[in-house]
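For reference, the structure is listed below as structure tokens.
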Amino acid sequence: MSTAVMAQKKRAKIEFETTEMNMGTFEADSAVIECAFVYKNTGEAPLYIHRVIPTCGCTNVRFPTSPVAPGGNDTIFITYNGTNKSPGYVRKSIPVHSNATDEIVRLKIFGKMLPAKVVEIPEIEEIE
């Protein structure tokens, strides 16, 4: 009787330095914040990021379309734009879809947006 040995399929594995980013406290008049999520392929096959899906129109993403070789790293950029949004706490979750063993990883950004500064214009005295 013979025993068949199945070869393990080599897979990519994605590991982020962090999956959460605190944007801190910022004012509405400087409400565009960019966060960089660095990741590494710790697997044995090339890593492909298929999709990174923002959960609302206030977040934009930039991610590499080229594969990351085993041992290599790259960065996903997430930009939050709070322009014309109400002040308050911000919490966004952005799913990253890839061919890694963990096919979906959620990146999270959070912070607190304060109201825009009110600029007072001095009154001008009338000249008689």
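Since every read-out is calculated from the coordinates, none of them should be taken as a lab result. These numbers come from a predicted model, not from an experiment. Because the Cβ atoms are built from the backbone with ideal geometry, glycine has one as well, and the counts that use them run over all protein chains shown.
May I ask you to compute the full-extension gain from Arg51 to Phe110, defined as 0.36 nm times their residue separation minus their alpha-carbon distance, rounded to one decimal in nm?
Values: separation 59, 0.36 × 59 = 21.24 nm, distance 2.11 nm.
Taking 0.36 nm per residue and subtracting the Cα distance, the gain is 19.1 nm.
Determine, for Leu47, Leu114, the number of other Cβ atoms within 10 Å of each Cβ, and report the residues in order from fewest to most.
Leu114, Leu47
For the chain, what is the charge dipole size about the Cα centre, in debye to the nearest 20, if Lys and Arg each add +1 at the Cβ and Asp and Glu each add -1 at the Cβ? Provide the component values of the computation, followed by the final result.
Numbers: 14 positive and 15 negative charges, 278 e Å.
That gives a dipole near 1340 debye.
Quick one: work out Rg over Rh on the C-alpha atoms of the range 14-109, Rh as Kirkwood radius.
Result for the range 14-109 is an Rg/Rh of 1.02.
Within the range 24-128, what percent of beta bridges assigned by DSSP are antiparallel, to the nearest 5?
Expressed as a percentage, antiparallel bridges in the range 24-128 total about 85.
How much length is gained on full extension from Lys9 to Asp102, taking 0.36 nm per residue of separation minus their Cα-Cα distance?
Stretched out fully, the Lys9 to Asp102 stretch lengthens by 32.0 nm.
What residue among Val96, Val118, Val68 shows peak mean-square fluctuation when the chain is described by a Gaussian network model with Cα springs under 10 Å?
Val118
List every residue whose amide H lies under 5 Å from the amide H of Met21, counting only residues 5 or more places away in sequence or on a different chain, with H placed 1.01 Å from N in the peptide plane.
It is Lys108, Ile109, Phe110, by chain and number.
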